[in-house]
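K.L.:
My questions will all concern the structure given below.
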Amino acid sequence: ALLDVYTIKREIGRLDGIKLGLVGDLANGRTVRSLAYLIAKYQNIKIYFVSPDVVKMKDDIKEYLTSQGVEWEESSDLLDVASRCDVIYQTRIQKERFGERIDHYEAARGKYIVDKKVLGVLPKHAVIMHPLPRLDEITVDVDSDPRAAYFRQAKNGLYIRMALLKLLLVGH
């Protein structure tokens, strides 16, 4: 979550007042759950949850966001959400989380894909983030778009870890 907030601040220039679309496996993904908790500390946040039914964001996060005054909405329309957001945070559907329920995995996989159609409606200032590794939830032709921030996001992880280690080892 620290890495993601740092990346949003660097890419968008602010944290208050952002509109964030969380897409993919929202039930099992640690990154989106942690980000939702941390981003709630900022003002005027709007979060859109876009996911297949079997991996919707769990109620504990939605209740926390409501208690913090964060506006949130569930949607099944990725194009509509992308047109409204400053950040699209895409995650992969994690096959390992489904166990023997492969039918549920197959039903969820590939439902929401960031591709050129999504780029076509995404605002020019917005960015696409992803915790990596990815499978097919972001097409490779998106990589060359300047709004694709996921490789910069991964690099930012190095800086966040360096800062945390320095704080722990040196104390300032």
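The values are calculated or read from the model by the stated rules, or taken from the named source; none is laboratory data. Values in this document were obtained by computation on a predicted structure and should not be read as measured data. Glycine also receives a Cβ, built like all others from the backbone with ideal geometry; neighbour counts cover every protein chain displayed. Accessible surface areas use protein heavy atoms only, side chains included; no ligands, DNA or RNA. Shrake-Rupley method; radii C 1.70, N 1.55, O 1.52, S 1.80 Å.
K.L.:
Quick one: which residues, 5 or more positions from Val70 or on another chain, have an amide H under 5 Å from its amide H? H modelled 1.01 Å from N in the peptide plane, none for Pro or chain starts.
P.N.:
Amide H neighbours of Val70, under 5 Å, 5+ apart: none.
K.L.:
Rounded, prolate or oblate: pick one for the stretch 95-172, where a ≥ b ≥ c are the square roots of the eigenvalues of its C-alpha gyration tensor, a/c under 1.5 means rounded, and failing that, prolate if a/b is larger than b/c, else oblate.
P.N.:
oblate
K.L.:
Need the list of aspartates and glutamates near Lys95 for cross-linking: C-alpha distance under 18 angstrom, and skip anything on the same chain fewer than eight residues off.
P.N.:
Asp25, Asp53, Asp103, Glu106, Asp136, Glu137
K.L.:
While we're looking at this one, here's another question. Using a 1.4 Å probe on the protein heavy atoms, what percent of the accessible area of the stretch 16-106 belongs to carbon and sulfur?
P.N.:
On the stretch 16-106, the fraction of accessible area on carbon and sulfur atoms equals 42 percent.
K.L.:
Can I ask one more? Rounded to the nearest 0.05, what FRET efficiency do Glu106 and Gln68 have when you use their Cβ-Cβ distance and R0 = 41 Å?
P.N.:
Efficiency at R0 = 41 Å is approximately 0.70.
K.L.:
Which ³J(HN,Hα) values, rounded to whole Hz and listed in residue order, are derived for the stretch 139-151 from phi using the Karplus coefficients 6.51, -1.76 and 1.60 in 6.51 cos²θ - 1.76 cosθ + 1.60 with θ = phi - 60°, glycine and proline given as x?
P.N.:
Ordered by residue, 3J(HN,Hα) equals 6, 5, 6, 7, 3, 7, 6, x, 7, 6, 9, 5, 6 Hz.
K.L.:
Given an 8 Å cut-off on Cα distances and at least 6 residues of separation, report the relative contact order of the chain as a percent.
P.N.:
23
K.L.:
Once amide H atoms are placed 1.01 Å from N in the peptide plane, what residues at a sequence separation of 5 or more from Ile138, or on another chain, have their amide H within under 5 Å of its amide H?
P.N.:
For Ile138, whose amide H was placed from the backbone, the distant partners under 5 Å are Val114.
K.L.:
Which ³J(HN,Hα) values in Hz, rounded to whole numbers, follow from the phi angles of the stretch 62-70 under the Karplus curve 6.51 cos²θ - 1.76 cosθ + 1.60, where θ = phi - 60° and Gly and Pro get x?
P.N.:
For the stretch 62-70, the Karplus curve yields 4, 5, 4, 4, 4, 5, 8, x, 8 Hz.
K.L.:
Using the alpha-carbon centroid of each, what span in Å lies between the stretch 18-34 and the stretch 96-172?
P.N.:
The stretch 18-34 and the stretch 96-172 have Cα centres separated by 10 Å.
K.L.:
Something else now. Structure shown: which of Lys56/Lys155; Lys46/Lys124; Lys19/Lys62; Lys19/Lys116 lie over 23 Å apart, alpha-carbon to alpha-carbon?
P.N.:
Listed pairs above 23 Å: Lys56/Lys155.
K.L.:
Accessible area per residue of the chain at 1.4 Å probe, in Å²?
P.N.:
Solvent-accessible surface per residue comes out at 52 Å².
K.L.:
Please report, in debye to the nearest 20, how large the charge dipole of the chain is about its Cα centre when each Lys and Arg carries +1 at its beta carbon and each Asp and Glu carries -1 there.
P.N.:
The dipole of the chain has a size of about 740 debye.
K.L.:
Continuing with this model, one more query. Can you tell me how the chain classifies by the Cα gyration tensor, rounded, prolate or oblate, using a/c under 1.5 as the rounded cut?
P.N.:
Verdict is rounded for the chain.
K.L.:
For the peptides 89-101, 55-67, 17-29, what is the packing order when you average, over each peptide's residues, the other Cβ atoms within 10 Å and list the highest mean first?
P.N.:
The most tightly packed comes first, giving 17-29, 89-101, 55-67.
K.L.:
At 222 nm, what value in deg cm²/dmol follows for the chain if DSSP H runs of at least 4 each add -39500 (n - 2.57) and the sum is divided by all its residues, to the nearest 500?
P.N.:
Roughly -12000 deg cm²/dmol at 222 nm, from the helical runs in the chain.
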